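Below is one structure, written out as structure tokens, with a few remarks after it.
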Amino acid sequence: MNGIAGCLLLVAACANIPDDDATRFLQQHCLRCHGAMQQEADRRFDTLSEIRNTEELQQWQDIVDQLNLQAMPPADEPQPAAVQRQRVIDVLTERIATAQQTLQQTGRHSVLRRLNAWEYRQSIGDLLGLDVSVWNPAERFPQDVTVDGFDTNGAALVTSGMLLGHYFQAAESAIRRATQFGPLPETQTWEQKSPFYFEGQMAKKLPKLFHTGRFRYVPTTPYTELQGRHYRGGHLGFLPLFQAGGVPVSGRYTVRVKAAAAGRFHNYAKAVDDFRSGDPLVLELAAVDRRGSVISSGSVSRMVSLARAELTSDQPQWLQWDVDLQVGYEPEIRFRNGPIASKRLVRLLATHAADRPEFAPYIDLPDKKKRANGILSAYQGPRLQIWEIRVTGPHPQTWPPVGHRALYGGLQENQLTTETVAERLDAFATAAFRRPPLAAELAPIKRLVQAKLQEGVRPLDALQLGFQAILCSPGFLYLNLGEGELSDFALASRLSYFLWSSPPDDRLLTLAAAGRLKSQLPAEVDRLLTDRRSDRFVTHFVRRWLDLDNIGTMPPAADFLAYYRDNLQTAMREEVETFFRHVLDANLPPAEFLTANYSFLNRELAEHYGVSGVTGNTLQQVTFADNRRGGLLGQGAFLTASANGVDTSPVVRGVYVLEKLLGYTPPPPPPDVPAIEPDIRGAKTIREQLVKHREVASCASCHRKIDPPGFALENFDAIGGWRETYGPGQPVDPSGMLSEDQRFASVAEFRQLLAGRQGDFQRCLAEKLMTCALGRQLEIGDRPALDAILNDQRATGGGLRDLIRRIVLSEAFQTN
């Protein structure tokens, strides 16, 4: 009996369908392209046998998936009747389910995995009460390897010698920052009034940052006028705290700024091409660390944006913020959307506005410095005016801080003895290990500390060495979930690292110690998702799911002026995170990600989208008046992450849509097929190139799936702006076809078709969430658990929060 005949008889026998039906179906629709003579996409079905392992199970599942998607047989091949197709799907699904039960005992185990850089950062922050939004203890760690886009895969999170060295340094720094044996810091007030520039003998004692004529601010009275965007010169240092080396202690501070907007409306045209006439002026408050930087140039080693405000009045007004400042940092005022740099501004004014009467006294001066200062002093375009800055703090807080108490309890330094040192090591290890430590784990650390004490080392120094050793030990650095059913402590860690990216809190550990966590899981899921720490889950999951880091590796070209002028990268990320948070908090159906006719915009992002009537720098829910945008498909982060920073490719965007929204990853192209690059300037359009590309037999089947979603998004440029044409005489054609009866002429029609596949999308989203939660790739043995979750979702019309709760309550989540 040949291979084909054997395969047909086997399928017929196992599926319990008549032999002639099976033979006819496979011969007519499968084996010509996937048989002995030809194997498209490296798939061969004539050699399939009974399901003996997960690899064969996956092959059969692939067949069923392609039949369900109606992706096979290809559209240009004879199609089976709908009844026949469904009958084959049903019997093969039953056969696969039976095999899954047999094979379920193998695999599906998450290996011992270390914390990734994001989790390590949050863990150090929570454990020691440190603000890791400013100080990142994992800043110098090697980049974590991702699998299927996620950095939680234990098999890929290896530990290198370089990483171990960074662990030692980070632990030492963390313990030092958390230790606060001194008295409660007194609240102080620092004040700086206009004028902020300095001349004569005083100027000689200060860095050039505070001199006149440095193209940062112009000497005027009674205020200072900032020119230029923050990263190229438009920033105002705060002298009192500059001279003090930054704030003396980390804490909460009140910053008050008296400011006004001047010259919002201008007619300098090309000379001020990066500030739209009439726009509000955006004042940004930043925390900067100048240590290790070239201070004379005004540069900083680190900067964290704290707040922004839009100014529209030329009359001074007080602005006030309560912000967290880290020791050594100082506040700085920045003109966020000002002209890109003062030197460039001078050059453009001298070129495009030389005939303006205000510049006449200066335009022909031979001294370049006097010429530049004169032009800037006469300039009447957008200027940020600052009268006064006041900083008060730190405000009273619990003292000593929570991190200090986690380390030392209520002990003073002179109370550290051999006995109290051992007690503090036990207490800190329990918190760091997220469970009671084993005696064998702590024994070598205690021997190390005792040896140091016997050598005459100060008790505080010896104890801190022990703390550092705990933070560098496997009990802290690794998630050891064991095998089989999770213990309550292991379950607490898996849950908290899934939804908080950090250790379980006291309530989770208390429930775990009492053996009651499993019975309280539904309530605990809701509690963790309501806690502000779940913002980390939203941020990190969205970042990994949608590959938002692609934007940083391929940033938009400088030609996209609005992207940088209007701080769109930040607004776009906040938009998609706020949207996800909204769906989560309201427990809306996951289909909302596809069908929503609204989003969350600030003024600048709204202008980028062509939406009028939105004011302010804070994101707000906005309903779209037209159907161009809606759901993830219309959001800037989604569209920018699927481009390359310069142009768009329907192939790249098509693959992105399939992977991120439908869970389908096309196979790589054959090695002998060249890549298609967009060429909007040539005689052939990208659409014409891809039509020709599909004439290659080995390319056609994949590109029939890939190209249509990409074409549907062609009205969006590389940063998500709307376009009707590529250029003169080159209109955008967003039409396409998913199948013979599913054609679309616009992105709005494509979105409707995609909404019809919300079941595929919900499965994709559930798979992404489970991959993130379990710390491993999903296997074929996970299919029953996933199917059960999705069946419950469909039966109850569950929302996103319900989906997450069902994942946590699943057998897959509670075993390892």
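Meeting the requirement of 1 or more residues that are buried (at least 18 other Cβ atoms within 10 Å of the Cβ), touching a helix residue (DSSP H, G or I) at 6+ places or on another chain (Cβ under 8 Å) and of a type in the set (A, V, I, L, M, F, W, C), the helices (runs of 4 or more DSSP H) wholly within the range 525-588 are 534-545, 549-553, 568-585.
Screening Asp324 with (1) open to solvent by 60 Å² or more (accessible area, probe 1.4 Å); (2) more than 30 Å from His404 (Cβ to Cβ); (3) not in a loop (DSSP other than H, G, I, E, B) gives one miss only, at (2). The set of residues in the range 91-135 being open to solvent by less than 30 Å² (accessible area, probe 1.4 Å), modelled with pLDDT of 80 or more and closer than 23 Å to Glu483 by Cα consists of Arg113, Arg114, Leu115, Asn116, Glu119. In the condition set (1) among the aromatic types (Phe, Trp, Tyr); (2) open to solvent by less than 40 Å² (accessible area, probe 1.4 Å); (3) in contact with a Pro (Cβ under 8 Å, 6 or more places away or on another chain), Phe428 is compliant with all but (3). Quick check: is even one residue across the range 699-712 assigned to a loop (DSSP other than H, G, I, E, B), at pLDDT below 95 and not acidic (Asp, Glu)? The answer is no, given that none of the residues of the range 699-712 is assigned to a loop (DSSP other than H, G, I, E, B), at pLDDT below 95 and not acidic (Asp, Glu). In the range 155-193, of all residues being over 24 Å from Leu127 (Cβ atoms) and either in a helix (DSSP H, G or I) or touching a helix residue (DSSP H, G or I) at 6+ places or on another chain (Cβ under 6 Å) (or both), the one that is least open to solvent (accessible area, probe 1.4 Å) corresponds to Gln192. Within the range 396-433, the set of residues being in contact (Cβ under 8 Å) with a residue 24 or more places away in the chain, under 27 Å from Leu115 (Cβ atoms) and assigned to a loop (DSSP other than H, G, I, E, B) comprises Pro400, Pro401. The set of residues from the range 1-51 being in a loop (DSSP other than H, G, I, E, B) and at pLDDT 75 or above comprises Cys30, Leu31, Arg32, Cys33, Gly35, Ala36, Met37, Gln38, Arg43, Arg44, Phe45, Ile51. Filtering the range 436-483 to residues that are on the phi > 0 side of the Ramachandran plot and either in contact (Cβ under 8 Å) with a residue 40 or more places away in the chain or under 34 Å from the mean Cα position of the chain (by Cα) (or both) leaves only Gly482. Of the residues Pro142, Pro207, Pro222, the single one that is open to solvent by less than 60 Å² (accessible area, probe 1.4 Å), at pLDDT below 60 and either more than 37 Å from the chain's Cα centre (by Cα) or over 25 Å from Pro331 (Cα atoms) (or both) is Pro207. Among the residues of the range 277-294, those identified as more than 19 Å from Asp322 (Cβ to Cβ) and buried (at least 18 other Cβ atoms within 10 Å of the Cβ) are Asp279, Pro280, Leu281, Val282, Asp289, Arg290. Quickly run through the range 589-615 and pick out the residues that are open to solvent by less than 30 Å² (accessible area, probe 1.4 Å), in contact (Cβ under 8 Å) with a residue 24 or more places away in the chain, over 16 Å from Glu577 (Cα atoms) and assigned to a loop (DSSP other than H, G, I, E, B). Of everything in the range 589-615, just one residue is open to solvent by less than 30 Å² (accessible area, probe 1.4 Å), in contact (Cβ under 8 Å) with a residue 24 or more places away in the chain, over 16 Å from Glu577 (Cα atoms) and assigned to a loop (DSSP other than H, G, I, E, B), namely Ala591. Can you confirm whether Thr553 is hydroxyl-bearing (Ser, Thr, Tyr) and at pLDDT 95 or above? Taking the combined requirement at face value, the residue does not satisfy it. Could you go through the range 508-515 and let me know if any residue there is buried (at least 21 other Cβ atoms within 10 Å of the Cβ) and touching a Gly at 6+ places or on another chain (Cβ under 8 Å). For the range 508-515, residues buried (at least 21 other Cβ atoms within 10 Å of the Cβ) and touching a Gly at 6+ places or on another chain (Cβ under 8 Å): absent. The number of residues in the range 242-261 being at pLDDT below 90 and open to solvent by 60 Å² or more (accessible area, probe 1.4 Å) comes to 2.
Looking across the range 241-276 at every residue that is among the basic types (Lys, Arg) and in a loop (DSSP other than H, G, I, E, B), the one that is farthest from Ala309 (Cα to Cα) is identified as Arg276. Checked against the criterion of being part of a helix (DSSP H, G or I), open to solvent by 20 Å² or more (accessible area, probe 1.4 Å), hydrophobic (A, V, I, L, M, F, W, C) and within 30 Å of Asp717 (Cβ to Cβ), the candidates Leu753, Leu738 yield just one match: Leu753. Being open to solvent by less than 20 Å² (accessible area, probe 1.4 Å), closer than 23 Å to Gln315 by Cβ and either out of contact with any Pro (no Cβ under 7 Å at 6 or more places or on another chain) or part of a helix (DSSP H, G or I) (or both) holds for only one residue in Ile386, Ile375, and it is Ile386.
Among the conditions (1) in contact (Cβ under 8 Å) with a residue 12 or more places away in the chain; (2) under 27 Å from Leu479 (Cα atoms), the only one that Asp760 does not satisfy is (2). Identify all residues within the range 50-77 that are open to solvent by 70 Å² or more (accessible area, probe 1.4 Å) and within 36 Å of the chain's Cα centre (by Cα); write none if there are none. Glu55, Gln58, Asn68, Gln70 - these are the residues of the range 50-77 that are open to solvent by 70 Å² or more (accessible area, probe 1.4 Å) and within 36 Å of the chain's Cα centre (by Cα).
Counting the residues of the range 446-478 that are buried (at least 20 other Cβ atoms within 10 Å of the Cβ), closer than 17 Å to Leu163 by Cβ and among the aromatic types (Phe, Trp, Tyr) gives 1.
Taken as a whole, the structure places Glu483 among residues that are open to solvent by 50 Å² or more (accessible area, probe 1.4 Å), more than 21 Å from Leu800 (Cβ to Cβ) and not basic (Lys, Arg).
Among all positions in the range 357-368, there is no residue which is touching a residue at least 24 places away in the same chain (Cβ under 8 Å) and either surrounded by fewer than 17 Cβ atoms within 10 Å (Cβ to Cβ) or closer than 13 Å to Gly263 by Cβ (or both).
The values are calculated or read from the model by the stated rules, or taken from the named source; none is laboratory data. Please read these numbers as outputs of a predicted model, since none were measured by experiment. Reconstructed Cβ throughout: ideal geometry from the backbone, glycine too, with neighbour counts over all protein chains shown. Accessible surface areas use protein heavy atoms only, side chains included; no ligands, DNA or RNA. Shrake-Rupley method; radii C 1.70, N 1.55, O 1.52, S 1.80 Å.
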